[in-house]
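The values are calculated or read from the model by the stated rules, or taken from the named source; none is laboratory data. Here the structure is a predicted model, which means the values were calculated and not measured. Glycine gets a Cβ as well: all are built from the backbone with ideal geometry, and neighbour counts include every protein chain shown. Accessible surface areas use protein heavy atoms only, side chains included; no ligands, DNA or RNA. Shrake-Rupley method; radii C 1.70, N 1.55, O 1.52, S 1.80 Å.
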Amino acid sequence: MGWSLATSAAAQTPTAEPPQIIVTGEGAVKAAPDQAWVQIGAETRSKASKDAQQRNADIMTAVQQKIVSFGIAKDAIKTIAIDLQMEFDYANGRQTPRGYVARNTIEVRVDDLTKLGDVLDAAVASGAATIHGLRFDVKDRDNLEKAALQNAVQNAMGKARAVAAGSGRVIDRIIRIEEEMIGGRPEPMVRQYSMAKADAATPVSAGEIEIRAQVRLAAAIK
């Protein structure tokens, strides 16, 4: 954050560049999340790899069917990881095969946050072993990002006018405005979810999301 005043060395000549000021501006908008993503996993073990996989498939099928019963669209459910590994016991410096562990993880998009707690509880009741990576976002992110940019430009203009006035000048014209990245695209909020009893309604608080923008503005003064 800052500003600078730059005057051409040839300011007395007719072809000289006009003096400029360069400032940065920041803007932000806040909104209540209306969308959530959560990762749900099933984990099964067996002496035989095929049995571990089959049991895992049965559980994940039940989990997905239950999720869909809450009105979650099938295209809102995406498989993100499938894993099968052999496990070992270690004793006296030797490893002995114990059996196989199969894992299957899906990511679910929930567009109605009033259903989120019920979806999580239903997944656990259907056999899900892990629930993690719960994150919130807004469906109208593009328009909110534009609003944050507008606020950033207004902030930069206010700074530019203040700098010009402090030097006894006024803004003549805007030369350029550039958007600056502030740590990349804002990441949706992420929360952790603790496993709850199947018959307990899980309270989920989405909180508030802040979307920020930053610009660099150059203006000629007179």
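At the residue level, Ser205 shows approximately 80 square angstrom of accessible surface with a 1.4 angstrom probe and all protein chains present. The residues of region 66-186 present an accessible area of 58 Å² per residue when probed at 1.4 Å with all protein chains retained. Backbone phi angles across region 25-31, fed through the Karplus curve with coefficients 6.51, -1.76 and 1.60 (θ = phi - 60°), yield HN-Hα couplings of x, 10, x, 8, 9, 10, 8 Hz in residue order; Gly and Pro are listed as x. Highest mean packing comes first when the peptides 28-35, 118-125, 215-222 are listed by Cβ atoms within 10 Å, giving 118-125, 215-222, 28-35. In this rough spin-label picture, where each label sits 7 Å from Cα along the Cβ direction, the Glu208-Gln150 distance is 2.0 nm. Between Asp112 and Ala16, the modelled labels are 6.9 nm apart [label points 7 Å from Cα along Cα→Cβ]. Here's how it looks for Ile175: its modeled amide H is under 5 Å from those of Ala218, Ala219, Ala220, which are all 5 or more places away or on a different chain. Between Gln54 and Arg94, full extension at 0.36 nm per residue minus the direct alpha carbon distance yields a gain of 11.4 nm. Spin-label pair Ala76-Met181: with each label point 7 Å from Cα along the Cα-Cβ axis, the two points sit 3.1 nm from one another. Take the Cα radius of gyration of region 1-160 and divide it by 2.2 N^0.38 Å, N being the number of residues; the result is 1.84. When peptides 17-25, 132-140 are ranked by their average number of other Cβ atoms within 10 Å per residue, the highest-first order is 17-25, 132-140.
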